[in-house]
Amino acid sequence: MGTERPDRIRTSTRRIITHAPNRPTEQFLLPHRRLPHCVLSMPRYSLRILLVEDHPFQLLATQCLLKSFGFHQLTPVENAEQAIRTMSQSEFPFDLMLCDQCLPDLPGLELVDIASRQRFITNAILLSGLPSRELVNLTKQALQRRLPLLGYLSKPLNRDELEKLIRLTVNPFM
């Protein structure tokens with residue numbers, strides 16, 4: 001009979017083989033902990049998201065929130081210039097752009113317009129700390145201009161509202 005201590009977590013080993021030019025194959029045995037079933041069964045989504053946010057804390061917090069929903073194909077950028085460069089270098093359009101309205105170099109709605117006309121994105125959501133009345137006006141402008149804006153979210157972000165808008169574009173894969 002095994003005398004396993006109940007406070008010890010079972011671990012198993014995983015073999016990783018690396019191949020490097022001009023070097024023999026190396027084998028490493030790394031211990032890893034078994035993940036709880038709830039983590040393993042968490043859904044993952046193939047949605048490619050471009051996150052445009054100029055405040056580092058908001059950028060990091062939004063990334064963490066999205067990853068907790070199962071969205072892992074995130075591309076974070078800090079301004080419109082980086083966003084345009086990233087989108088133009090991408091092989092495929094982004095499924096969703098989450099964009100701060102008050103960027104230092106270009107209003108978010110204008111970035112959505114540029115990205116949409118260039119077919120860099122499929123959908124967008126504006127993020128802003130502006131009053132609701134201004135955000136409603138921006139949504140009306142987007143409709144008049146036929147932009148692919150799903151809606152807006154006020155900062156600080158509300159998890160349920162963010163999830164509700166993002167779910168409009170979800171494509172799960174197994």
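Cβ-Cβ under 7 Å, sequence separation 6+ or interchain: first residue in the stretch 70-91 and assigned to a strand (DSSP E or B), partner among the charged types (D, E, K, R). Which pairs? Every condition considered, the pairs that remain are His72/Arg44; Gln73/Arg48. Residue-level check: of (1) more than 9 Å from the chain's Cα centre (by Cα); (2) modelled with pLDDT of 95 or more; (3) crowded, with 19+ Cβ neighbours inside 10 Å, Leu50 misses just (1). Looking across the stretch 107-161 at every residue that is on the phi > 0 side of the Ramachandran plot and assigned to a loop (DSSP other than H, G, I, E, B), the one that is farthest from the chain's Cα centre (by Cα) is identified as Arg146. The set of residues from the stretch 116-129 being surrounded by fewer than 17 Cβ atoms within 10 Å (Cβ to Cβ) and either touching a helix residue (DSSP H, G or I) at 6+ places or on another chain (Cβ under 6 Å) or within 19 Å of Glu53 (Cβ to Cβ) (or both) comprises just one member, Gly129.
The values are calculated or read from the model by the stated rules, or taken from the named source; none is laboratory data. All values derive from a computational prediction rather than experimental measurement. Quick reminder, even Gly has a Cβ in these numbers, built from the backbone with ideal geometry, and neighbours come from all protein chains shown.
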